[in-house]
Amino acid sequence: MARLGMIIDLARCVGCDACTVACQAENGTPPGIQYAPVYRKEVGKFPQAKVIFLPTLCMHCADAPCMKACPTAAIHKRAQDGIVLVDQNKCCGSKACIVACPYGALHFYEERSGVYGTELTPQEERGQAAFTAGTAQKCTFCVHRVERGLEPACVITCPTHCRIFGDLDDPQSEVSRLSRQRNAFTLRPDAGTDPSVRYLP
Amino acid sequence: MRVPANVFSQDYRVAFKQQQVWGVAHALEFFLLGGGAGLYLFSTWFARFSLGQVIAVGLVFAAGVSLMIDLGKPGRLWRSFANFKKSWISRGALSVFVFLAAAVLAMGSRQLGVATSDASFALSCEIAASIFAIIAMLYPGFVLSSYASIPAWNSPMIPLLFLIYSWTTGWAFFGLVLLAAGSEKLGLFLGLGISLIALTILSLVIHLGALSRGSLAVRESFRELTRGSLAGKFIGGVLGIGLVVPLLLVLWVTIAAVMIPAAILLAALLVLLGGFFFRYCVLKAGVYPPLF
């Protein structure tokens with residue numbers, strides 16, 4: 001049993017959006033859906049003003065609110081690695097999960113669409129073949145890559161190595177070590193979701 | 001050159017943002033469901049009134065249809081009973097289904113005299129329908145209060161408010177049915193109305209007081225309701241036109257001790273309008289706090 005998770009080192013992120021683009025290319029998501037957006041916030045005042053970046057994705061929470069909200073039990077957590085997935089054959093498109101997620105990580109897939117309209121690029125064609133119109137979509141931690149022993153696309157693409165992927169239940173893993181040594185924190189702890197994505201200050 | 005204070009704060013992840021997914025369709029569903037369930041209870045237990053029961057079943061059915069239309073995959077509605085152990089939407093769907101089945105069976109056996117010669121079967125169905133009607137009145141509130149993502153919803157006051165407002169909306173539908181049927185039970189209707197509207201106003205004031213003292217995100221919801229984009233609908237539509245004016249109308253008719261059908265009709269219609277705006281405002285005042 002493992003609990004796959006991610007550590008994101010905010011001190012390293014330069015806001016290049018490579019993770020966002022790599023994710024979109026890997027999963028073929030339509031233009032309105034980004035599984036791994038990077039958010040920006042201006043902090044401080046001139047001359048000490050700066051922009052900070054917050055790379056995000058589905059937090060694959062241990063106590064996922066989307067799972068509790070889904071009326072059809074379409075959202076499930078894999079026992080072997082803790083990845084939270086949406087079953088495309090069960091989702092009824094109630095959007096309850098989208099409202100319930102504190103991180104805005106779920107999206108409604110209305111219909112087939114790509115950057116060039118209804119004509120999809122080969123990447124979009126491949127990615128959206130797995131989507132069902134009228135259902136919810138979310139980051140899968142690139143489960144198709146993980147099952148082949150590879151890391152998620154956002155992790156291997158990051159030029160500053162700010163995303164680190166591994167088993168949070170293994171005390172010897174890099175994610176566990178960094179989490180302990182550098183006081184990792186989670187987003188929206190008030191929501192009580194116990195996210196598997198943690199941040200280093 | 002003047003630089004904008006925060007050029008990157010457009011997304012909710014770095015700023016407060018109102019919930020945008022649920023709106024008119026869900027407000028309509030919650031309104032019809034609460035009103036229909038309330039009307040059924042009034043028509044069954046306060047004044048046995050089969051026309052009211054029929055209309056109540058129609059309203060609850062319309063609520064179900066309204067929800068189904070909003071689904072991305074309406075054909076999979078039947079799957080929504082699957083997660084009743086965890087999901088309040090699932091429990092709500094189940095309660096609506098059982099309510100409709102029990103209410104139709106009760107009405108059928110009473111009207112057509114089927115199943116049994118005595119009234120025990122119909123009575124059992126009516127009791128079952130009433131229990132599930134109360135669950136259906138509560139369920140929208142429990143759906144919202146179960147979401148920790150939106151702090152203003154995540155409160156025990158929300159299910160209570162939805163329950164109270166369902167009774168009030170049911171009372172207004174009941175009044176319309178009594179008026180349409182020319183019933184002589186309007187006196188009972190007026191007495192109930194004063195208590196229910198006053199209770200609704202009191203519970204809303206308590207809720208607003210709690211919102212005004214909550215966390216930053218909760219206070220943002222309070223601001224939206226009282227001074228923001230929803231202020232007109234909430235202060236004017238829910239509190240003013242939807243509760244205070246009908247209360248004054250009903251008080252006037254009661255004190256005058258003369259049945260004025262136009263005033264009763266107006267009071268009931270205004271309560272219904274306010275009931276819809278209440279659901280809409282609660283949904284739209286759901287604010288996500290920023291992630292950082």
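When the Cα convex hull of segment B:16-288 is projected onto planes of every orientation, the mean area is 14.9 nm².
Note on segment A:4-200: Lys pairs 8 or more places apart or on different chains, Cα atoms under 22 Å apart, count 10. Residues B:ILE194, A:ILE83, arranged from fewest to most other Cβ atoms within 10 angstrom of their Cβ, appear as B:ILE194, A:ILE83.
May I ask for the Kirkwood hydrodynamic radius of segment A:4-200, worked out over all distinct Cα pairs and given in angstroms to one decimal?
Details: mean 1/r = 0.0572 Å⁻¹.
Hydrodynamic radius (Kirkwood, Cα only) of segment A:4-200 equals 17.5 Å.
Which value at 222 nm does chain B reach when only helices count, each DSSP H run of 4 or more adding -39,500 (n - 2.57), with the total divided by all residues and rounded to the nearest 500 deg cm²/dmol? Before the final figure, lay out each step's value.
Values: 9 runs with 189 residues, N = 292.
The helix contribution divided over chain B gives -22500 deg cm²/dmol.
Karplus-based coupling profile of segment A:153-162, in residue order and whole Hz: 4, 5, 6, 6, 7, 4, x, 9, 6, 8, with θ = phi - 60° in 6.51 cos²θ - 1.76 cosθ + 1.60 and x standing for Gly or Pro. Overall, segment A:4-200 carries a charge dipole of about 540 debye about its Cα centre when +1 sits on the Cβ of Lys and Arg and -1 on the Cβ of Asp and Glu, all other atoms neutral.
Remark: mean inter-chain Cβ contacts per residue of A:14-22 equal 0, using a 10 Å Cβ-Cβ cutoff to other protein chain atoms.
The trypsin sites (Lys or Arg not before Pro) of segment A:19-57 meeting both criteria, a DSSP state outside H, G, I, E and B (loop) and at most 15 other C-beta atoms within 10 angstrom of the site's C-beta, are A:LYS45.
Label zone of B:PHE292 (point 7 Å out along Cα→Cβ, amide N under 16 Å): in segment A:39-54 this covers A:39-44, A:50-54. Among B:235-246, B:27-38, B:267-278, the peptide with the highest mean count of other Cβ atoms within 10 Å heads the list, and the full ranking is B:27-38, B:267-278, B:235-246.
State whether segment B:87-205 is rounded, prolate or oblate according to the following rule on the C-alpha gyration tensor (a ≥ b ≥ c being the square roots of its eigenvalues): a/c under 1.5 gives rounded; otherwise a/b larger than b/c gives prolate, and the remaining case gives oblate.
Numbers: a/c = 3.30, a/b = 1.31, b/c = 2.52.
Judged from the Cα gyration tensor, segment B:87-205 comes out oblate (a/c at least 1.5, b/c at or above a/b).
Tell me the net charge near A:ALA62. Cut-off is 10 Å between Cβ atoms, A:ALA62 excluded, with +1 for each Lys or Arg and -1 for each Asp or Glu. Provide the component values of the computation, followed by the final result.
Details: positive: A:ARG3, A:LYS77; negative: A:ASP63, A:ASP194.
My count for the surroundings of A:ALA62 gives 0.
How high is the relative contact order of segment A:1-88, in percent, counting Cα pairs under 8 Å that sit 6 or more residues apart? All intermediate terms of the calculation are to be shown ahead of the outcome.
Working: 100 pairs, mean separation 25.1, N = 88.
Answer for segment A:1-88 is 28 percent.
Net charge near A:THR186: determine it from the other residues with C-beta under 11 Å of the C-beta of A:THR186, scoring Lys and Arg +1 and Asp and Glu -1. Net charge in that neighbourhood comes out at 0. Each Lys or Arg adds one and each Asp or Glu subtracts one; over the other residues with Cβ under 15 Å from the Cβ of B:PHE222, this totals +4.
Answer rounded, prolate or oblate for the protein assembly as shown, using the Cα gyration tensor with square roots of eigenvalues a ≥ b ≥ c: rounded when a/c is under 1.5, else prolate when a/b is larger than b/c, else oblate. Don't skip to the answer; put the middle values down first.
Values: a/c = 2.66, a/b = 1.80, b/c = 1.48.
It comes out prolate by the Cα gyration axes.
With the simple model of a label 7 Å out from the Cα in the direction of the Cβ, B:LYS185 to A:VAL51 spans 6.7 nm.
Remark: mean inter-chain Cβ contacts per residue of A:68-81 equal 5, using a 10 Å Cβ-Cβ cutoff to other protein chain atoms. For B:SER195 and B:LEU123, a Förster radius of 22 Å and the Cβ-Cβ distance give a FRET efficiency of 0.25, rounded to the nearest 0.05.
I'd like the mean, over residues of B:67-75, of how many other protein chain beta carbons sit within 10 Å of each residue's own Cβ. Mind dumping the intermediate values first?
Values: counts 1, 1, 0, 3, 7, 13, 13, 3, 2.
Per-residue shielding by partner chains comes out at 5.
Bridges between two residues of chain A, per DSSP, are antiparallel at a rate of about 85%. For segment B:217-234, the residues whose backbone nitrogen is under 17 Å from a point 7 Å from the Cα of B:GLN20, taken along Cα to Cβ, are B:229-230.
Within chain A, what is the longest stretch that has no GluC sites (Glu not before Pro) placed in a DSSP loop and near at most 14 other beta-carbon atoms within 10 Å?
Working: sites that count: A:GLU110, A:GLU111, A:GLU119, A:GLU147.
Maximal segment without exposed cleavage sites: A:1-109.
In this simple spin-label model, placing a label point 7 Å from the Cα along the Cα-to-Cβ direction at both B:ALA210 and A:ARG145 gives a separation of 4.5 nm.
The mean sequence separation of alpha-carbon pairs under 8 Å and at least six residues apart, normalised by the residue count of segment B:16-288, gives a relative contact order of 25 percent.
With a cut-off of 8 Å between alpha carbons and a minimum separation of six or more residues, what is the relative contact order of chain A in percent?
Values: 399 pairs, mean separation 66.6, N = 201.
Relative contact order of chain A: 33 percent.
Computed from label points 7 Å out along Cα-Cβ, the spacing between A:ALA130 and A:THR118 is 2.6 nm.
A short reminder: the numbers here are calculations on the coordinates, not readings from a lab. Not measured: the values here are computed from a predicted model. Note that we place each Cβ from the backbone using ideal geometry, even for glycine, and neighbour counts take in every protein chain shown.
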